[in-house]
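Written below as structure tokens is the structure these notes are about.
The values are calculated or read from the model by the stated rules, or taken from the named source; none is laboratory data. A quick note: this is a predicted structure, and the numbers were derived from the prediction, not measured. Glycine also receives a Cβ, built like all others from the backbone with ideal geometry; neighbour counts cover every protein chain displayed. Accessible surface areas use protein heavy atoms only, side chains included; no ligands, DNA or RNA. Shrake-Rupley method; radii C 1.70, N 1.55, O 1.52, S 1.80 Å.
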Amino acid sequence: QVQLVESGGGLVQAGGSLRLSCVASGRTFSSYFMGWFRQAPGKEREFVAAISRSAYSTYYADSVKGRFTISRDNAKNTVYLQINSLKPEDAAVYYCAEDMHSSSRYASWDEYEYWGPGTQVTVSS
């Protein structure tokens, strides 16, 4: 079984920074295409960022471009999301997800096969 577990969420002031981590197990991590999604109360799950197996390619939602950075360390079976300049609208549960194959549909939630339970990011002002 593939398992994903997120960590690093918490309460942060607007304008602050946070780094989320996602640790994968159950199969070779280097074969995963990884993505981050988020879901705020009462809203649809939305794409945040994605990264290819080799980390040569990264993708971002327009709303986070320039503020968020996705990265991975395959030796540690971990993908990261560095969040800077937090805004109130960034508050959500953040989910790590895995796609067993690369796809042009990286921004679509239903393309991903495995999901972590999520980690809560709360922004205060």
>> Using a probe radius of 1.4 Å on heavy atoms only, what accessible surface per residue do you get for the chain? Whole Å² is fine.
In response: 50
> Which value, in Å² rounded to 10, gives the accessible area of W109 with a 1.4 Å probe and all protein chains present?
Replying inline: 150
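Percent of accessible area on the chain owned by carbon and sulfur, 1.4 Å probe? If you can, show how the numbers build up before the last one.
Values: 2960 of 6250 Å².
It is 47 percent, rounded to a whole number.
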>> Let me check I've understood the local charge: for S125, count other residues with C-beta under 15 angstrom from its C-beta, Lys and Arg +1, Asp and Glu -1. What total comes out?
In response: -1
>> Pairs of alpha-carbon atoms within less than 8 angstrom and 6+ residues apart define the contacts here; what relative contact order does the chain have, in percent?
In response: 36
> What order do you get for 83-94, 38-49 when each peptide is scored by the mean count of other beta carbon atoms within 10 Å, highest first?
Replying inline: 83-94, 38-49
> Could you give the length gained on full extension between S57 and R105, defined as 0.36 nm per residue of separation minus the Cα-Cα distance, in nm?
Replying inline: 15.9 nm
>> With θ taken as phi - 60° and the coefficients 6.51, -1.76 and 1.60, list the Karplus ³J(HN,Hα) couplings across segment 89-95 in order, rounded to whole Hz; mark glycine and proline as x.
In response: 6, 7, 4, 4, 8, 9, 10
> To two decimal places, what compactness ratio does the chain give when its Cα radius of gyration is scaled by 2.2 N^0.38 Å?
Replying inline: 0.97
